[in-house]
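Only one structure is covered here, and it is reproduced in the block below.
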Amino acid sequence: MIGWYAMLNMEKVTENQEQARREYEEKMRAEARAAREASADDEDPTLAAYNNHLAELAHAPKKRIWGH
């Protein structure tokens, strides 16, 4: 019962808040890419391959499970 109340009475995210979230995420991604490129020379080849795989997964489009 409490869960339904909370779900129905949650505050809606404004467009400004959503835009700020997107900008923050993009900034963090850019910083992570820069750090990754800076340390690419010193990285173990196996670890580099694993990190490249994770980066590909992060940039892949998300699949929608429930068909929405």
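Count charges around Q19 for me, please; just the other residues with Cβ under 13 Å from its Cβ, Lys/Arg as +1, Asp/Glu as -1.
Residues close to Q19 contribute a combined charge of -2.
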Options [x] -0.38, -0.74, -0.80; [y] -0.67, -0.94, -0.98; [z] -0.33, -0.67, -0.73 - which one matches log10 I(q)/I(0) by the Debye sum over Cα atoms at q = 0.13, 0.19, 0.20 Å⁻¹ as calculated here: [y]
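What are the GluC sites (Glu not before Pro) within region 9-67 that DSSP puts in a loop, where the Cβ has at most 12 other Cβ atoms within 10 Å? Provide the component values of the computation, followed by the final result.
Details: sites: E11, E15, E18, E23, E25, E26, E31, E37, E43, E56; in loops: E11, E43.
Passing sites in region 9-67 are E11.
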Folded to 0 to 90 degrees: helix 15-38 orientation relative to the chain principal axis, Cα: 10
Mean ellipticity per residue at 222 nm, deg cm²/dmol - from DSSP H runs of n ≥ 4 across the chain, formula -39500 (n - 2.57): -22000 deg cm²/dmol
In degrees, nearest ten, helix 45-59 long axis to first principal axis of the chain (Cα): 30
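Only the coordinates and a few stated rules stand behind these numbers; no lab work does. Quick caveat, the model's predicted, so the values are computed rather than measured. Neighbour counts are summed over all protein chains in view; Cβ atoms, including those assigned to glycine, are modelled from backbone coordinates with ideal geometry.
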